[in-house]
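A short write-up of the structure that comes next.
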Amino acid sequence: MECTIVNIFNFATNEFTQDAMISWTVSLFKSEDAVVRSVGRTFIEELISGSDKLDINSIDDICIKMQKFNIDVLLEIELRNSDTELLLIEDNTYSKEYYEQIDNFRDKLIEEYRSSPIHAVYYKIGTELNAELNFKDRDIQVIDRKKIICIFEKLDNMSKTKPENYLIRSYLEHVKEIEATESA
């Protein structure tokens, strides 16, 4: 009997898996290994690229919170000047944003954090027509499946010699399979 290795993401298909992958990749920012740390840093750069006010070089530390106020992933970003900025990441697999949930999340964060600037990312692995248009005037960066593939191809190339590459490569292959299926 031949046993083939199956991609873990073929089994782990729900949104919580996606939240975990995003959180894990961000957490690489704290690695003691320089290559692995650069992978985390590059991923964060991509997540904050929609904000002209937040710079990767100003980040001192990141606290990752999952499901705070039902936000998929919330990054509390501590800057070198001791300020804190927030990055809320709403990721949807095959559903779409409902009832302006990102705006509602922002309102909850404003109540909790008062003066901390809030940045938002809509991270979408499934197909959603006109997602960019829905967020254009709401200051929300959209990272769609094509961009996810570009990001993880870059991360895959950076981490080829590291054990962490297994998850990065598996996730990349999973997203590429979705792209091939959805584009057919």
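At least 3 residues that are at pLDDT below 90 and of a type in the set (A, V, I, L, M, F, W, C) in each: list the helices (runs of 4 or more DSSP H) lying fully within the stretch 128-184 that qualify. Let's see the steps before the verdict.
Working: elements: 131-135, 145-158, 165-183.
Fully inside the stretch 128-184 and qualifying: 131-135.
Hey, can you tell me all the residues within the stretch 72-95 that are of a type in the set (Val, Ile, Thr), more than 16 Å from Val26 (Cα to Cα) and under 14 Å from the mean Cα position of the chain (by Cα)? Before you say what the answer is, go through the steps one by one.
Kept after step one, since they are of a type in the set (Val, Ile, Thr), are these residues of the stretch 72-95: 73, 77, 84, 89, 93.
Now drop any that are not more than 16 Å from Val26 (Cα to Cα), which leaves 84, 93.
The answer is Thr93, and nothing else.
Is it the case that the stretch 143-164 has a residue that's among the aromatic types (Phe, Trp, Tyr), out of contact with any His (no Cβ under 6 Å at 6 or more places or on another chain), free of Cβ contacts under 8 Å to residues at least 40 places away in the same chain and loosely packed, with under 15 Cβ neighbours inside 10 Å? Lay out the reasoning, then the answer.
If we filter the stretch 143-164 for residues that are among the aromatic types (Phe, Trp, Tyr), which is where we start, we get 152.
With the extra rule that they be out of contact with any His (no Cβ under 6 Å at 6 or more places or on another chain), the set shrinks to 152.
After this cut, where a residue has to be free of Cβ contacts under 8 Å to residues at least 40 places away in the same chain as well, the list is 152.
Retained after the next criterion (residues that are loosely packed, with under 15 Cβ neighbours inside 10 Å): none.
No, that holds for no residue.
What pairs can you find where one residue is in the stretch 56-75 and among the hydroxyl-bearing types (Ser, Thr, Tyr) and at pLDDT below 95, the other is assigned to a strand (DSSP E or B) and surrounded by fewer than 18 Cβ atoms within 10 Å (Cβ to Cβ), and their Cβ atoms are less than 9 Å apart, with a gap of 6+ or different chains?
Between residues of the stretch 56-75 that are among the hydroxyl-bearing types (Ser, Thr, Tyr) and at pLDDT below 95 and residues that are assigned to a strand (DSSP E or B) and surrounded by fewer than 18 Cβ atoms within 10 Å (Cβ to Cβ), the close pairs are Ser58/Leu79.
From the set of residues in the stretch 78-95 that are more than 19 Å from Arg114 (Cβ to Cβ) and surrounded by 15 or more Cβ atoms within 10 Å (Cβ to Cβ), which is modelled with the lowest pLDDT?
From the stretch 78-95, those more than 19 Å from Arg114 (Cβ to Cβ) are 80, 89-95; that's our starting set.
Next, only the ones that are surrounded by 15 or more Cβ atoms within 10 Å (Cβ to Cβ) stay: 89-93.
Details: Ile89: 95, Glu90: 91, Asp91: 87, Asn92: 79, Thr93: 70.
It comes out as Thr93.
When the stretch 57-77 is examined, which residues are found to be touching an Asp or Glu at 6+ places or on another chain (Cβ under 6 Å) and surrounded by 15 or more Cβ atoms within 10 Å (Cβ to Cβ)? Spell out how you get there, then give the answer.
Pass one, the stretch 57-77, residues touching an Asp or Glu at 6+ places or on another chain (Cβ under 6 Å): 60-61, 63, 66, 72-73, 77.
Asp72, Val73, Ile77 - these are the residues of the stretch 57-77 that are touching an Asp or Glu at 6+ places or on another chain (Cβ under 6 Å) and surrounded by 15 or more Cβ atoms within 10 Å (Cβ to Cβ).
Restricting attention to the stretch 17-50, and to residues there that are among the basic types (Lys, Arg) and out of contact with any strand residue (DSSP E or B) (no Cβ under 8 Å at 6 or more places or on another chain), which single residue is nearest to Pro163 (Cα to Cα)?
From the stretch 17-50, those among the basic types (Lys, Arg) are 30, 37, 41; that's our starting set.
Remaining after also requiring out of contact with any strand residue (DSSP E or B) (no Cβ under 8 Å at 6 or more places or on another chain): 37, 41.
On the way: Arg37: 13, Arg41: 17 Å.
Going through the qualifying residues, I end up with Arg37.
Out of the residues in the stretch 46-56 meeting the condition of being of a type outside the set (Gly, Ala, Ser) and buried (at least 16 other Cβ atoms within 10 Å of the Cβ), tell me which one is farthest from Ser115 (Cα to Cα). Please lay out each step first, then the result.
Here is the first cut: in the stretch 46-56, the ones of a type outside the set (Gly, Ala, Ser) are 46-48, 52-56.
Keeping just the survivors that are buried (at least 16 other Cβ atoms within 10 Å of the Cβ) gives 46-48, 54.
Working: Glu46: 24, Leu47: 21, Ile48: 19, Leu54: 15 Å.
If we take residues in the stretch 46-56 being of a type outside the set (Gly, Ala, Ser) and buried (at least 16 other Cβ atoms within 10 Å of the Cβ), then Glu46 is farthest from Ser115 (Cα to Cα).
Of the conditions (1) buried (at least 19 other Cβ atoms within 10 Å of the Cβ); (2) at pLDDT 90 or above, Asp107 clears all except one; give me its number.
In the conditions (1) buried (at least 19 other Cβ atoms within 10 Å of the Cβ); (2) at pLDDT 90 or above, Asp107 misses (1) alone.
The values are calculated or read from the model by the stated rules, or taken from the named source; none is laboratory data. Bear in mind the structure is a predicted one, so any value in this text is a computation, not a measurement. Neighbour counts run over all protein chains shown; Cβ positions are idealised from the backbone, glycine included.
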